[in-house]
1. For the ranges 131-141, 418-428, 352-362, 242-252, what's the packing order if you count other beta-carbon atoms within 10 Å of each residue, average per peptide, and put the highest first?
2. With every protein chain present, what is the per residue accessible area of region 109-166 (1.4 Å probe, Å²)?
3. Suppose a student asked you for the relative contact order of region 137-205, using Cα pairs under 8 Å spaced at least 6 residues apart; what percent would you report?
4. If r is the Cβ-Cβ distance from Ile307 to Met259 and R0 is 41 Å, what FRET efficiency results, to the nearest 0.05?
5. Kindly write out, for region 211-218 in residue order, the coupling ³J(HN,Hα) from the Karplus curve 6.51 cos²θ - 1.76 cosθ + 1.60 (θ = phi - 60°), rounded to whole Hz, with x marking Gly and Pro.
6. At 1.4 Å probe size, with the rest of the protein present, what percent of the exposed accessible area of region 16-60 is carbon and sulfur atoms?
7. Ignoring ligands, DNA and RNA, what percent of the accessible area of region 130-244 is carbon or sulfur (1.4 Å)?
8. If you count, for each residue, the other Cβ atoms within 10 Å and average over each peptide, how do 15-28, 182-195 line up from highest to lowest?
Amino acid sequence: MIGFIFILILVGFVAAMVFFVARIQALRNEADKLRLSLEEMDEQAKLIVRTDIELNKTQEELDKKIIGLYALQRISRVISTTMEENQIFKVIAANHLEDLGFEKSCGFLWNEEKKRFSYHLHLNYSENEIQEIETKINNDKYTYLDLLQTQKTISSISLRDGEKIKDINRTFNSIYFIIAPVLPKEGSQGFIFVGTENTDMNPNEGDEELINILAHQLSQALDNSRLFEKTWRAQHDLEKKVDERTRELRHLLEEVKIMSKRKTDFVSSVSHELRTPLTSIKGYASILLAGKLGSVPDEIKERLEKINRHSDELTHMVNDLLDISRIESGKIAMKREPQDLTEIIKLITDLLSVQLKEKNIEVLVDIRPNATTTIADRSQLERVFINLMGNAIKFTPPAGKISVYVRKVGDQQLQVDISDTGCGIPDGEEEKIFEEFYRVDNPINEQVRGTGLGLSLVKHIIAAHGGKIWVKSISGKGSTFSFTLPLKQ
């Protein structure tokens with residue numbers, strides 16, 4: 001009985017042991033799972049920390065780039081409005097260059113005449129330091145000239161030559177740096193340096209790009225300032241020349257006015273002096289021709305008639321000269337009244353009818369209904385038509401045509417066109433024919449005598465009425481003389 005009980009106790013003990021062993025194993029399994037979970041959580045925590053560090057670093061870089069872009073924008077705005085070259089580098093140093101992330105900076109331009117680099121910008125360098133840097137740069141100038149030649153930005157992150165990096169750092173007293181070429185299209189070229197001695201401010205490709213953009217904007221600003229200076233100098237020189245020329249022209253104009261007055265006074269005086277002896281000559285010739293002093297032989301009579309005819313021509317020329325000088329000096333008062341152009345043109349046509357019939361020339365007149373009346377001096381206007389239509393008859397061959405066309409132009413004037421089918425005027429002489437005593441070189445002028453004063457007189461009469469006169473001509477096909485007259489007082 002005792003043995004049986006002992007066996008039962010032993011079996012229970014074994015069962016209990018088996019249960020505890022199984023339980024311990026289960027707990028161990030749970031512990032292993034828990035340990036694995038903890039290890040996974042630890043790795044995740046480490047990953048989160050690393051990610052957070054990277055995000056913070058990325059955020060810092062992003063903030064740095066944003067600050068740099070804003071600084072670049074401010075610098076760009078300032079230098080784009082600076083038109084003086086010597087001020088551009090100064091405003092760069094004074095306007096947020098440090099916000100680009102570099103505490104040191106300097107800029108140099110190559111002086112072709114002196115064959116050396118000279119500094120134009122320095123930030124956080126003393127005068128002694130920048131002069132030492134300038135000396136070192138010129139001692140190794142071919143390195144920096146090669147930079148201008150290759151037109152490439154270099155930096156402590158892009159250079160592969162460790163010795164060159166050390167040389168540049170020693171030259172500029174820096175640990176990290178970026179050097180970008182400044183390449184304006186005209187004038188001196190150079191480079192801009194930015195650097196730092198802070199080991200925590202290692203530049204990256206974004207910083208290099210920012211400095212490259214700054215150098216490009218600086219190049220454009222230099223081009224703009226040099227173009228502005230060149231334009232300003234050209235304008236200043238032009239204004240100076242214009243002032244000098246204006247003074248010269250003013251002086252010449254005064255001399256011309258004096259000479260013109262002297263000429264007018266001389267012509268007027270001489271014309272008056274000529275009229276008296278011409279009147280006497282013509283008077284005596286007329287007396288002799290009339291036989292009041294006795295009969296005159298035919299040979300003498302023929303010569304007296306020439307004297308009489310030439311006296312008339314001289315008198316006519318003297319009168320024209322007097323009229324021109326009087327109109328120029330304003331001594332002739334124009335009696336301006338409404339005039340009927342239809343009546344005046346008919347009167348002049350009738351007056352010239354003999355010459356028209358001799359050459360069988362047809363006259364066509366076209367006066368628009370709204371252009372029949374003008375304000376003018378009747379006698380002077382008749383002289384204009386006599387001269388112009390007389391010239392048209394003179395230079396138009398037999399069986400030709402003369403056209404008179406009158407129309408309104410604008411609200412204040414009418415225009416008269418007198419056209420012929422004559423020999424025309426050679427190219428380049430259209431303006432000259434209105435000069436006093438000028439005569440076109442053609443066969444008709446060689447055969448027919450004239451003074452060369454008619455068109456000059458016409459021009460003065462038209463100008464005295466506030467109009468203008470001009471001519472269009474095709475050599476060998478004819479001419480059209482046009483002039484304007486006022487419609488109203």
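1. Per-residue mean Cβ counts within 10 Å order the peptides as 418-428, 131-141, 352-362, 242-252.
2. Value returned for region 109-166: 65 Å² of accessible area per residue.
3. Over region 137-205, the number comes to 30 percent.
4. Working from the Cβ atoms, E equals 0.70.
5. In residue order, the calculated couplings are 5, 5, 5, 4, 5, 5, 5, 5 Hz.
6. Roughly 63 percent of what the probe reaches on region 16-60 is carbon or sulfur.
7. On the way: 3020 of 6520 Å².
That fraction is 46 percent.
8. Peptide ranking by packing, descending: 182-195, 15-28.
The values are calculated or read from the model by the stated rules, or taken from the named source; none is laboratory data. Keep in mind it's a predicted model, so treat the numbers as computed, not measured. Cβ: placed from backbone, ideal geometry, glycine included. Neighbour counts: every protein chain shown. Each accessible area value is taken on the protein alone, full model and side chains, heavy atoms only, with ligands, DNA and RNA left out. Shrake-Rupley method; radii C 1.70, N 1.55, O 1.52, S 1.80 Å.
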